[in-house]
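The values are calculated or read from the model by the stated rules, or taken from the named source; none is laboratory data. No experiment lies behind these values; they were computed from the predicted model shown. Don't worry about glycine lacking a Cβ; one is built from the backbone with ideal geometry, like all the others, and counts go over all protein chains shown.
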């Protein structure tokens, strides 16, 4: 019996996730936003990925994901890197029905204040936090604590 291969589009993934996905009989298309901080791992990601698409145009990322997903049947579109392109990726994934998380969930995760307020509301917050509207208040509080 041949195990069916999961097909993923990974957008700006961390290397360890690409390696782990590959261990589970996964066909991987990596879409990489060409950024200087990620270029050192790109050759290794290129070796592991079945397909690699590199772009230096962040504004065209949504169209690139849509275009590639139309060429081949994919199971999921997953963003596994920096937050700056995460929302756009999940908007496309949700539009195509290939999302792991909803765009709304991603927005909450990326907005640290909103995420902590939600976790605190349902009793899961493990980190003490306090929202401070003005930096001046934080500076004064810090001076008083010394």
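Structure values in brief
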{"quantity": "Selection within segment 7-26 - in contact (Cβ under 8 Å) with a residue 12 or more places away in the chain and assigned to a helix (DSSP H, G or I)", "calculated": "15, 17, 18, 19, 21, 22"}
{"quantity": "Test: residue 82 is farther than 22 Å from residue 99 by Cβ and either surrounded by fewer than 15 Cβ atoms within 10 Å (Cβ to Cβ) or without any contact (Cβ under 8 Å) to a residue 12 or more places away in the chain (or both)", "calculated": "no"}
{"quantity": "Residue within segment 86-98 that is exposed (fewer than 13 other Cβ atoms within 10 Å of the Cβ), closer than 30 Å to residue 33 by Cβ and modelled with pLDDT of 85 or more present", "calculated": "yes"}
{"quantity": "Unmet requirement for residue 44, which otherwise passes all of (1) in contact with a helix residue (DSSP H, G or I) (Cβ under 9 Å, 6 or more places away or on another chain); (2) surrounded by 15 or more Cβ atoms within 10 Å (Cβ to Cβ)", "calculated": "(2)"}
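Here is a yes/no grid of residues against (1) closer than 19 Å to residue 5 by Cβ; (2) not in a loop (DSSP other than H, G, I, E, B):
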| site | (1), (2) |
| --- | --- |
| 28 | yes, yes |
| 60 | no, yes |
| 65 | no, yes |
| 68 | yes, yes |
| 78 | yes, yes |
| 81 | no, no |
| 85 | no, yes |
| 91 | no, yes |
| 94 | no, yes |
